[in-house]
Amino acid sequence: MLGTVLLCVLAPVAIVYGLMAFTPTGSCDYSVSGVCSYGRLPMIVASGGTALVWAASAVLTWVGTRGRRPRVYVPYAALVVIVLLVVVAGRVAG
C-alpha cells in the first residue's frame, strides 16, 4: 500500500520534471545536442517512459490478485525504473 502511495505521489512529479527540464526552449531545427538530441529523446524518455512505467506498475500491482495480497514489490521496482529513466534522459541530454 505504501509503495502505491509513493508511486502515485512521485510519478507525477517525475513526469512534470521530465517535461520542464527536457523541453526545448528554442528551435531544434539545426541543433543535434542537449535536449534536442535524437529527436527530443530526453523528454520522451523522462516523461513518456515515466507515464508508461507508472501505468504498467499500477496494473501489475493489482490485477490478478483477487483474494490475495497485491504484489508489493512492483511499485518499488517502478520507482527505481523511473529514477533510472530520468538519469538516462539527463545523460542523453548532457
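Read-outs: derived from the displayed coordinates by stated rules, not from any lab. Computed from a prediction, not measured in an experiment: that's the story for all the values here. Positions of Cβ are backbone-derived with ideal geometry, glycine not excepted, and every protein chain shown enters the neighbour counts.
Before moving on, here are some points about what is shown:
- Relative contact order for the chain: 39 percent, from Cα pairs under 8 Å spaced at least 6 residues apart, divided by residue count.
- Kirkwood hydrodynamic radius of the chain, from the reciprocal of the average inverse Cα-Cα distance over all distinct pairs: 14.0 Å.
- At a Cβ-Cβ separation cutoff of 4.7 angstrom, cysteine residues of the chain with no neighbouring cysteine are Cys8.
- Highest to lowest packing among 30-37, 64-71, 8-15, 82-89, scored as the average C-beta count within 10 Å: 82-89, 8-15, 30-37, 64-71
- Extension gain from Ser37 to Leu2, taking 0.36 nm per residue of separation minus the Cα-Cα distance: 8.9 nm
- Of the DSSP H helices in the chain, those whose Cα atoms cover at least 27 Å axially and whose Kyte score averages 0.0 or more: 2-22, 73-93
- Zone of Ala21's modelled label, taken as backbone nitrogen in segment 49-68 under 18 Å from a point 7 Å along Cα→Cβ: 49-54
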